[in-house]
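Novice: The structure under discussion is supplied below as structure tokens; questions concerning it will follow.
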Amino acid sequence: MSKVWNVIIAGVGGQGVVTIARILAESALASGYRVKTTDIVGGAQRGGAVLSHVRFGDNVYSSIVPNGFADIVVGIEPLEALRSSIQYLREDGMVIFNEKPVYPLTVQLKQQRYPQLADIRSALLTITKNVFMLNASELASLAGSRLAAGSVLLGFMKAVSDIPIPKHHFHAAMEGMFTEKVAKINIQAFEVGFSKGLEAIR
Amino acid sequence: MLKNSLLSNEKGKRVILSGNEAIVRGAIEAGVKFATSYPGNPCTEILDTLISVSNELGIYTEWSINEMVGLEAASAASIAGLRSLVAMKHVGLNWALDPLMCINLSGIEAGMLVVVGDDPQSRASQNEEDIRFLASMSELPMMEPSGPAEAKDMVVWSIEVSERIKLPVLLRATQRISHGLEDVVLGEIVQPNAKVEFKRDERYLVTGAGGRSVRLHENLHKKQELIESIIEQSPFNKIVKHGEEKWGIISAGMGYHIAVEALEYCNMREKFATFKLATPHPLPKKLLRNFCNDLEAVIVVEDVEPYLQTNIRAILAEEGISCRAYGRADSNPRAVGEVTFDEVLSMIKRASGNEQLFIKSERPHVTKFKHMLISRPLTMCSGCPHRATFYAMKRAVNKTLKDKALFCGDIGCYSFASQPPFQLIDLKFSMGASIGLACGFAKSNIDNKVFAIIGDSTFFHAGIPALINAVYNDSRFIVVLLDNLVVGMTGQQPSPSLGLNANRTESVSILPEGIARAVGVKFVKTFNPLNLKEAERAFEEAIGYQGPGPAVLVARSPCAVYVTREAKIKGERLHKYAILEDKCTGCGVCTQHFGCPALVTKDDNKVWIEAEDCTGCGVCAQICPYRAIVKEVS
Ligand SMILES: Cc1ncc(C[n+]2csc(CCOP(=O)(O)OP(=O)(O)O)c2C)c(N)n1
């Protein structure tokens, strides 16, 4: 069986997880692959965790990435990056995540404690050595909107992994899915992430 | 991009579609002209998407008041000669079951598809159930796709079959199918030449003297032979068998792909014959018989209940076939939820006696870091008017009733008030149950003041008969009706109080307080929850009301997500609020007792307002004891 790529996009409602998954799916299709995705959207916009599985290759069976099979976890939020990596990431896989937390309401109410970023990072390092943490929200704001954090991470992923999708297909997918103005911001964000990625592996 | 794909005439083109979008494309290809729905996960996006192209295609689309009415309207359109579709979530079919159990007797005319979104694992529903049982109860064919691409083709095929057998066809799409993307090959768009007319026929007079409905039931039974032969030949049931296999796997929906992948994973593909079963009702008996005949055992892979397994066992017993059928019925207590890769692996292990199979999730860090994974409960959004209502309600209750209050909740965004900081919901059942429960508690002479807490859409869907019950039987309690003008929970579809239809054309705005007065409620009061003083006073008055009948409070303020989106469309700026650093003492009243997500506690305990989240409702400014929150001057 030829390789199936398994990517998990994780975050919380309102961060555009499902949109990022769709960009990846469209880019994979344009690169000649068959694609399947599945979303778990408990409650978008209401602080719930959102998770998308994206699988592409010459032949994909189920849309659900089995536990421990993910090649890459893209976390738009640190805790969600950890949650999905623990369940899905394979031992030598790669996790790329945004260091800007979105605190659950219970943390605000002091009923739960949000783990330290350093602890999240070291927990991830026990699964794989390929752990990349960046301030994607800030980079996205610089590109025009903090909502483009996911696109920053996609660009970073393109630079640091061997994901077999050419850059221009990501751009084209964004142009197809967004209005001109929003597409421009996201492509810019993708490029910022891409350069950061190149820096990180230099 | 999506709109182009839905409208495209390029037959053979490969595009990315979600299951819901693929169902829409299928309906377009089949020439559906009439579509209804009531929103509900996982299939809300079917009508949402269809609305976006309804003008171009001349398709009538409607958000119906509930699933029962939606089903009735769609069957009328079909009886009149228009191909129709109705979409609902699994519990919606519980509501629509009553008319369905007559429409299966009368039959219809033009092709009609009932799409039922099922939610194994109950990710966004009040419960988990298995809707396949309602197909066998209503004796209607049910199809189950294993992915978006197949869903699209199945819609076209099912609508044609429906027209041939003159019965609605059910399509079960689980959340994994509806909310998944796949590359889909576009087909041709047909335009059946529909003549709209009503052809009078005795079969439409289902209820009648002389046992007509029983005769119609007999006719339905007679039709089963035709249905079974169509199902046996459906292009969607797929068998892979070489003849040497000892074992087999039978599965439907996403479970089929999980099963095949699990076989590949443990190099057992050649050892197991596979059967993708796309027709949960009626089951293709002949195919099943031939498949199982020379096998030692089959594994039946399915979500939720062992519906297929028990039916297959019965078929095998009837035919005297010795093949065993393993599945969920074998465990005690029976498994629940979605089937997983690991569950399939252990079933393969069991059937093949191969104890070497390694199950990946048995990994050390799964348990090692679990403690760090704090939960993320759903909450009301920033600026949500419901939060203001509950803040005022809690103050009024604490002042007058203390813990002598009982809160019957309902389904909608306001149900999140069961959590801190409010904890003002004690029961949550199904749509409209709040008022019915309140009627019962109040009449049981319970020593608590009883509240029914319900949203506008839920009230229109299921609450009105219960309110009439309360007036008619003089049940004394307080109805808190949170009217945010939309169906917030499912993505801000318009509700009758908004005064806009599905495709945003003007309609009559129907107000719940008008209905309350019309049915004889004596205490009716409307207030704006964003004005906390006004809101608290309204609650105090309602608590003081002694009867007769219930008191109805209507808290009206539009959904914050809706407000933000409308402002964006119109290019308007919302006036935000900000903290005066020097005045904030870090007392925590706004964050601990109100809990709007836009209010963030900093390391020094002072509060910060996340400007991008603030919708400018201004409620936190009314709460702050130090007047440290002010409207930003722009
Ligand atoms: C029978 C049935 N149909 C649909 C749903 C899906 N659903 C959950 S809550 C809800 C309505 C919410 O609207 P509303 O009562 O106005 O409250 P809001 O979310 O706007 O606060 C719907 C349609 C359901 N749970 N049950």
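Novice: What about B:GLU355, is it charged (D, E, K, R), free of Cβ contacts under 8 Å to residues at least 60 places away in the same chain and within 14 Å of another protein chain (Cβ to nearest Cβ)?
Specialist: no
Novice: Right, here's the next one. Is it true that some residue in segment B:374-387 is more than 10 Å from chain A (Cβ to nearest Cβ), in a loop (DSSP other than H, G, I, E, B) and farther than 22 Å from B:GLN121 by Cα?
Specialist: There is at least one residue in segment B:374-387 that is more than 10 Å from chain A (Cβ to nearest Cβ), in a loop (DSSP other than H, G, I, E, B) and farther than 22 Å from B:GLN121 by Cα.
Novice: B:THR61 passes all but one of (1) within 30 Å of A:HIS169 (Cα to Cα); (2) away from the ligand (no atom under 16 Å from the Cβ); which number fails?
Specialist: (1)
Novice: Further, regarding this structure: Within segment B:589-634, how many residues turn out to be of a type in the set (Phe, Trp, Tyr) and part of a loop (DSSP other than H, G, I, E, B)?
Specialist: Going through segment B:589-634 one residue at a time, the tally reaches 1.
Here is a yes/no grid of residues against (1) away from the ligand (no atom under 16 Å from the Cβ); (2) surrounded by 18 or more Cβ atoms within 10 Å (Cβ to Cβ); (3) not in a helix (DSSP H, G or I):
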{"position": "B:VAL508", "(1), (2), (3)": "yes, no, yes"}
{"position": "B:PRO529", "(1), (2), (3)": "no, yes, yes"}
{"position": "B:GLU534", "(1), (2), (3)": "yes, no, no"}
{"position": "B:ARG537", "(1), (2), (3)": "yes, no, no"}
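Novice: All but one of (1) closer than 22 Å to B:VAL156 by Cα; (2) assigned by TED's automatic domain parsing to the domain that holds B:VAL344 hold for B:HIS257; state the number of the condition that does not hold.
Specialist: (1)
Novice: Determine, yes or no, whether B:LEU2 is modelled with pLDDT of 95 or more and surrounded by fewer than 24 Cβ atoms within 10 Å (Cβ to Cβ).
Specialist: no
Novice: May I ask you to list the residues in segment B:30-70 that are surrounded by 22 or more Cβ atoms within 10 Å (Cβ to Cβ), touching a His at 6+ places or on another chain (Cβ under 9 Å) and in contact (Cβ under 8 Å) with a residue 60 or more places away in the chain?
Specialist: Those that are surrounded by 22 or more Cβ atoms within 10 Å (Cβ to Cβ), touching a His at 6+ places or on another chain (Cβ under 9 Å) and in contact (Cβ under 8 Å) with a residue 60 or more places away in the chain: B:TYR38, B:GLY40, B:ASN41, B:PRO42, B:GLU45.
Novice: Going through segment A:91-123 one residue at a time, which ones are touching a residue at least 24 places away in the same chain (Cβ under 8 Å) and facing another protein chain (nearest Cβ under 9 Å)?
Specialist: Once the filter is applied, which keeps residues that are touching a residue at least 24 places away in the same chain (Cβ under 8 Å) and facing another protein chain (nearest Cβ under 9 Å), segment A:91-123 yields A:GLU91, A:VAL102, A:PRO104, A:LEU105, A:TYR114, A:PRO115, A:ILE120, A:ALA123.
Novice: Only one of B:ALA27, B:ALA87 is more than 14 Å from chain A (Cβ to nearest Cβ), buried (at least 22 other Cβ atoms within 10 Å of the Cβ), closer than 26 Å to B:LYS195 by Cα and away from the ligand (no atom under 16 Å from the Cβ). Can you tell me which?
Specialist: Only one candidate qualifies: B:ALA27.
Novice: A further question on this structure: Can you name the residue in segment B:388-420 that is in contact (Cβ under 8 Å) with a residue 60 or more places away in the chain, surrounded by fewer than 20 Cβ atoms within 10 Å (Cβ to Cβ) and not in a helix (DSSP H, G or I) and, of all such residues, is nearest to the ligand (Cβ to nearest atom)?
Specialist: Ranking the qualifying residues of segment B:388-420, first place goes to B:PRO420.
Novice: Something else about it: Being closer than 18 Å to B:SER495 by Cβ and more than 10 Å from the ligand (Cβ to nearest atom), is that true of even one residue in segment B:455-464?
Specialist: yes
Novice: Restricting attention to segment B:229-263, and to residues there that are farther than 24 Å from B:ASP118 by Cβ and in a loop (DSSP other than H, G, I, E, B), which single residue is farthest from the other protein chains (Cβ to nearest Cβ)?
Specialist: Restricting to residues being farther than 24 Å from B:ASP118 by Cβ and in a loop (DSSP other than H, G, I, E, B), the top hit is B:GLN233.
Novice: Which of (1) under 21 Å from A:ILE96 (Cα atoms); (2) facing another protein chain (nearest Cβ under 10 Å); (3) of a type outside the set (Phe, Trp, Tyr); (4) in contact with an Asp or Glu (Cβ under 6 Å, 6 or more places away or on another chain) is the odd one out, the single condition A:GLY13 does not satisfy?
Specialist: (4)
Novice: Being within 14 Å of the ligand (Cβ to nearest atom) and in contact with a Gly (Cβ under 7 Å, 6 or more places away or on another chain) is the filter here; which residues of segment B:422-441 pass it?
Specialist: Of everything in segment B:422-441, those that are within 14 Å of the ligand (Cβ to nearest atom) and in contact with a Gly (Cβ under 7 Å, 6 or more places away or on another chain) turn out to be B:ILE425, B:LYS428, B:GLY432, B:SER434, B:ILE435.
The values are calculated or read from the model by the stated rules, or taken from the named source; none is laboratory data. Everything numeric here is computed off the predicted structure, so don't read it as measured data. In this analysis, Cβ positions are derived from the backbone assuming ideal geometry, glycine residues included, and neighbour counts consider all displayed protein chains.
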